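What follows is a set of notes on a single structure, which appears directly below.
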Ligand SMILES: [Zn+2]
């Protein structure tokens, strides 16, 4: 079931998420709905606060779609209570969008690599190292869990572009 997506300005998008303590059936249903919402909206990642849920849950699900024609294809990765163990000093800049900031792209600097600890849907502790576009998606979604969006990384209007213009000129 697809859920309603919070748009920029909603208080939930500015509120730090709360840790998940119970890995019960309801969490699985919620994660399935979160995944449906992401697919419906042509996203490559989503975080629970974006659907008005305060829990520290995010999904990375990179796949080429109409909003990200060049995205790498991967199995969806569900992360509960993620924390950053380390992050590379080396960075890259790319245009990113957000389902909660419709119609815009922002030129955002992100680390090339990030090492993350998290719990899977069954409550088992996991670790993973992410790089490139997938690391970017993680860092973007992680921002949502600390009450931020890419707009918090913008220091100049040169870093903002209409999504329609980006798709016309920058998507390969
Ligand atoms: Zn977002």
When the residues of segment 70-91 are narrowed to those that are closer than 25 Å to residue 161 by Cα and touching a helix residue (DSSP H, G or I) at 6+ places or on another chain (Cβ under 8 Å), which ends up surrounded by the most Cβ atoms within 10 Å (Cβ to Cβ)?
71
Filter segment 127-172 down to residues that are exposed (fewer than 15 other Cβ atoms within 10 Å of the Cβ) and closer than 14 Å to residue 79 by Cα and give me whichever is farthest from the ligand (Cβ to nearest atom).
127
Any idea which of (1) modelled with pLDDT of 95 or more; (2) within 16 Å of the ligand (Cβ to nearest atom); (3) at negative phi; (4) in contact with a helix residue (DSSP H, G or I) (Cβ under 7 Å, 6 or more places away or on another chain) is the one residue 113 doesn't satisfy?
(2)
More than 22 Å from residue 39 (Cβ to Cβ), modelled with pLDDT of 95 or more, in a helix (DSSP H, G or I) and in contact with a helix residue (DSSP H, G or I) (Cβ under 9 Å, 6 or more places away or on another chain) - does that describe any residue in segment 154-166?
yes
Could you grab me the full set of residues in segment 14-56 that are in contact (Cβ under 8 Å) with a residue 40 or more places away in the chain, in contact with a helix residue (DSSP H, G or I) (Cβ under 6 Å, 6 or more places away or on another chain) and under 15 Å from residue 120 (Cβ atoms)?
56
Any residue that is more than 12 Å from the ligand (Cβ to nearest atom), in contact with a strand residue (DSSP E or B) (Cβ under 7 Å, 6 or more places away or on another chain) and outside any helix (DSSP H, G or I) - is there at least one of those in segment 28-35?
no
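Out of 28, 35, which single residue is within 15 Å of the chain's Cα centre (by Cα) and more than 19 Å from residue 117 (Cα to Cα)?
35
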Failed item in (1) within 16 Å of the ligand (Cβ to nearest atom); (2) surrounded by 14 or more Cβ atoms within 10 Å (Cβ to Cβ), with residue 16 passing the rest:
(2)
Are any residues in segment 85-108 under 13 Å from residue 136 (Cα atoms) and within 16 Å of the ligand (Cβ to nearest atom), and if so, which ones?
94, 95, 96, 97, 98, 106, 107, 108
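The values are calculated or read from the model by the stated rules, or taken from the named source; none is laboratory data. Source: prediction; values computed, not measured. Glycine gets a Cβ as well: all are built from the backbone with ideal geometry, and neighbour counts include every protein chain shown.
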